[in-house]
Amino acid sequence: QMCIGDRKVLGQTLLSYFDLVTDVMVFLELLRKNLTMAVVQGVTLGFSMVLQSLLSWLVGQPMLVALSGLFGCKPMIEAWRDATDEKPYPNQKMENNQILGLSRVLEITTEAIPQSVIQSIIFLLYPDQRTTVQMVSLFASFLTTGFTVAFAARDNDTGKYQRKAHPKLKGYVPSTNGNVQAFFSVVFFTTYT
C-alpha cells in the first residue's frame, strides 16, 4: 500500500513530467512560428537538464544516473529511489530524500519558473501565436511550482526535527489530515506564481 508521502512524490513527479512534456510541445510549436523564442525556451530547458546532471555527478551518483538528467529522467529516478527507500549509491554524499529535494529546487528555479516567464512573454507579446498547448503548459508550470513549494514548506513545518528545534515557529500545520491546508497552500503558491 502506498503511503501519503509516496503518493505526494508520485504526484509531484507526474506533474513535473506533464510540465516537461508540455514545455517540449510548446518548443516544437515555436520552432515553426517564432525561432527566437524557441531558442530561448530550448536553451532554458537544456540548461536545467545539464544542471540536474551536474548535481547528480557532484553528489557522487553513478555516471549513468548523472547522464540520465540530460534526457529528463532525473526526477523519475530520484522519486523512485526515495519512494522505494533504496539504499544510497556507494559514493553518494547525501541521502536520497535530500537529493530529491535538491533536484526539485533545481527543477523549479531553472525550468518551471523560467518557462513560466518565457511563456508569459510569448503569451503577452505574440497574441497571434497563442495556442491551447501553450496555455496548458503555462498553467502546468505554475502548478508545478505551486505544488512543489507548498509541499516543501509543509514538509519543513511537519518535520520532527524542525518542530523540536523551533517549536514557536514550526508546528502550525496539522500532522494528520491536513488535506485542506495542503490544498489551499497549493492554490496559494500556484496563483502567486
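Out of everything in region 159-171 that is open to solvent by 100 Å² or more (accessible area, probe 1.4 Å) and more than 20 Å from K8 (Cα to Cα), what residue ends up being modelled with the highest pLDDT? Even if it seems obvious, please write down each step before you answer.
Applying the first criterion (open to solvent by 100 Å² or more (accessible area, probe 1.4 Å)) to region 159-171 yields 160-161, 164, 168-169.
If we keep only those that are more than 20 Å from K8 (Cα to Cα) as well, we get 161, 164, 168-169.
On the way: Y161: 68, K164: 77, K168: 73, L169: 74.
Only one residue tops the list, namely K164.
A search for C-beta distances below 7 Å between a residue of region 90-108 that is over 22 Å from F147 (Cβ atoms) and touching a residue at least 12 places away in the same chain (Cβ under 8 Å) and any residue that is hydrophobic (A, V, I, L, M, F, W, C) and crowded, with 17+ Cβ neighbours inside 10 Å, counting only pairs 6+ apart in sequence or on different chains, returns Q92/V59; K93/V59; M94/V59. When each of T22, T36, T44 is tested for being polar (S, T, N, Q), assigned to a helix (DSSP H, G or I), open to solvent by 30 Å² or more (accessible area, probe 1.4 Å) and closer than 18 Å to F123 by Cα, the lone residue that passes is T36.
Against the test of being surrounded by fewer than 19 Cβ atoms within 10 Å (Cβ to Cβ) and either within 17 Å of Y17 (Cα to Cα) or among the aliphatic types (A, V, I, L, M) (or both), the options L67, L138 yield a single qualifying residue, L67. Of all residue pairs spaced 6 or more apart or on separate chains, those with beta-carbon atoms under 6 Å, a first member in region 153-167 that is closer than 19 Å to T190 by Cβ and a second member that is open to solvent by less than 50 Å² (accessible area, probe 1.4 Å) and modelled with pLDDT under 70 are R154/V173; D157/V173. The set of residues in region 7-23 being without any contact (Cβ under 8 Å) to a residue 40 or more places away in the chain and under 16 Å from A182 (Cβ atoms) consists of R7 alone. Scanning region 49-59 for residues that are in a helix (DSSP H, G or I), β-branched (V, I, T) and closer than 30 Å to T131 by Cβ turns up at least one hit.
The values are calculated or read from the model by the stated rules, or taken from the named source; none is laboratory data. No experiment lies behind these values; they were computed from the predicted model shown. Heads up, the Cβs are rebuilt from the backbone with ideal geometry, glycines too, and the neighbour counts pull from every protein chain shown. For the accessible areas, the whole protein counts, side chains as well, though only heavy atoms, and no ligand, DNA or RNA atoms are used. Shrake-Rupley method; radii C 1.70, N 1.55, O 1.52, S 1.80 Å.
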